[in-house]
Amino acid sequence: MSTTADWREVVLASGTPLPSSPTVQCTVSSFGAYPAVIAAWDFSVQGGSFGEADADAFVGAVAAAIDRGLPLVSVLRSGGTKLPEGMRALVGIPRSALALTRLRAAHLPHVTVANHPTTGGVWVGIGSTADLRIAVQEALVGFSGPRPIEAMTGRAMAAGANTAEAALAAGLVDAVVPASEIVSAVEAVLAATTPGEPEIPDVPALAAPAAADAWGQVEGSRQSDRPTGADLIDSWLSERFALAGADTTVAAAVGRLAGRSVVAAALAASRATMPTPAGYALLTRAAQLAGTLDRPLIVVVDTPGADPHTEADGLAAAIANAMTAVLECPSPTISFVHGEGGSGGALAGAVTDVVGIGESGWFAAMGPEGAAATLRIEPGEAARRMRITPADLLENGFGDVFVPDGLAPTWLATTIDRLAAEPAAARLARRVDRWSSRLPGQS
């Protein structure tokens, strides 16, 4: 399958046709073992421009996906709105956006492929809002094309702007693939997001943590031979598809843990790194995706805190937005404090249904060095006073359980199974009560 024509022949022609327009061809077909409703743009018809009848076809495809309980795959190749139709065409953008809102309410994924070119209202109302986004190598992807940009602004579009590769670097698409790999890329996304039968392992009884020196706990969390948060996600998840962000200090992916589709995020992805607003935006997206797909959310916490040098970029609001998204995620949520837990920048990912503390985990209102500077004491003494060790965190009620590192994936799988079996209303009420109250343990 080396060309777009091959892709159409293999996937579209083998499916069950749905009501379509000349530009937007709709069908029910499969990517490997995974059925989906497909809406594919035909660029040979007026450059794939999107008009009133095309909006009818796309909205109908969304309705068909909801009726059948199937994912929606949109394959875009469009120069934008059908200009001769004027406003009759332009209002297809909100029509499409509202249809996709109904798809999200049904907890069904929308996967998009942006072929060359994908611009204008089709990218705005359909592609940019998809749950998972793939672009074809070197495709033009963006709000506007080069000729309108130059005509309206008097300046040529910057070299390399509005390309698939630029969109990937900015976190606007999640993967860039050759045209020959469209089918396999979409199949990988559907494999990661399709619900599966969980394979629940047996987990041994978890012992209480031993008493630890607070400063020794901090030093242990900073050892260079420890796996990073991204390492853990990579090792835990099969059928993994990564979500892209503009800040690589945060990682996120959808995949399978013990057979169950989950969304996982690492705050942070690499050792001793401080997320920026773009990193918190990726955590926000991961939490919202978990809720949209009705998949459990796992957050690995290991960061000294947020990057204080990015305050002018909206750092405080980005942390607050991420924390709110985790708190409001309607699906089961679990955090694993794998290492450093520095202040609110780390707390944004830990406000979950269940909080597990790892062997090297600690949490504090401020990193020990910052607290030491504030209190005019040594960092080790600051760490001791703030009671940051696993034993301290379980005693004061911030943490729920001590999890030896080797047992983390097993503990996660069994905990998710337990949470998923509970009535959602009861679980969410308990979460609200937990994070609306004082810590229950000793002060």
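Nothing in this text is a laboratory measurement; each read-out follows from the coordinates by a stated rule. A quick note: this is a predicted structure, and the numbers were derived from the prediction, not measured. A quick note on method: Cβ atoms are made from the backbone with ideal geometry, for glycine too, and the neighbour counts reach across all protein chains shown.
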Worksheet item: Listed highest first by mean packing, meaning other Cβ atoms within 10 Å per residue, what order do 426-433, 401-408 come in?
Response: 401-408, 426-433
Discussion item. With an 8 Å Cα cut-off and a minimum separation of 6 or more residues, compute the relative contact order for the chain in percent.
Written reply: 10
Response to the item:
Rounded to the nearest 10 degrees, the helix 182-193 long axis (Cα) sits at an angle to the longest Cα principal axis of the chain of 40
Worksheet item: Going toward the positive end of the dipole of the range 4-193, with +1 on Lys and Arg Cβ and -1 on Asp and Glu Cβ, which of 78, 180, 27 do you reach last?
Response: 78
Worksheet item: Based on the alpha-carbon gyration tensor of the chain and its eigenvalue square roots a ≥ b ≥ c, which shape applies: rounded if a/c is under 1.5, prolate if not and a/b is larger than b/c, or oblate?
Response: prolate
Discussion item. Within 10 Å of each candidate Cβ there may be at most 15 other Cβ atoms; applying that plus a DSSP loop requirement, which GluC sites (Glu not before Pro) in the range 145-201 survive?
Written reply: 199
Worksheet, complete the sentence: Amide H neighbours of residue 82 at under 5 Å, excluding residues fewer than 5 places away on the same chain, with H built from the backbone geometry, are 50, 51
Worksheet entry | Residues residue 436 and residue 312, FRET efficiency given R0 of 25 Å [Cβ-Cβ distance, rounded to 0.05] | 0.20
Worksheet item: Given +1 on the Cβ of Lys and Arg, -1 on the Cβ of Asp and Glu, and no further charges, what dipole in debye does the range 214-436 carry about its Cα centre, rounded to the nearest 20?
Response: 400
Worksheet item: Using modelled amide H (1.01 Å from N, peptide plane; none on Pro or chain starts), what sits under 5 Å from the amide H of residue 367, excluding residues fewer than 5 places away?
Response: 343
Worksheet item: What list of ³J(HN,Hα) couplings, whole Hz, do you get for the range 281-292 from phi and the Karplus terms 6.51, -1.76, 1.60, once you set θ to phi - 60° and write x for glycine and proline?
Response: 5, 5, 4, 4, 4, 4, 5, 5, 5, 4, x, 4
Worksheet item: Sorted by mean Cβ packing within 10 Å, highest first, what order do the peptides 370-376, 95-101, 281-287 take?
Response: 281-287, 95-101, 370-376
Discussion item. Quick check: from the Cα gyration tensor, does the range 1-146 come out rounded (a/c under 1.5), prolate or oblate?
Written reply: rounded
Discussion item. Using only Cα atoms and rounding to the nearest 10 degrees, what angle (0 to 90) does helix 315-328 make with the longest principal axis of the chain?
Written reply: 90
Item to complete: Order by neighbour count: 78, 49, 30, 238, fewest other Cβ atoms within 10 Å first, most last.
Response: 238, 30, 49, 78
Worksheet item: Classify the range 231-270: rounded, prolate or oblate, from the alpha-carbon gyration tensor (a ≥ b ≥ c, eigenvalue square roots; a/c under 1.5 rounded; otherwise prolate if a/b is larger than b/c)?
Response: prolate
Practice prompt. Arrange the peptides 263-271, 348-356 so that the one whose residues have, on average, the most other Cβ atoms within 10 Å appears first.
Written response: 263-271, 348-356
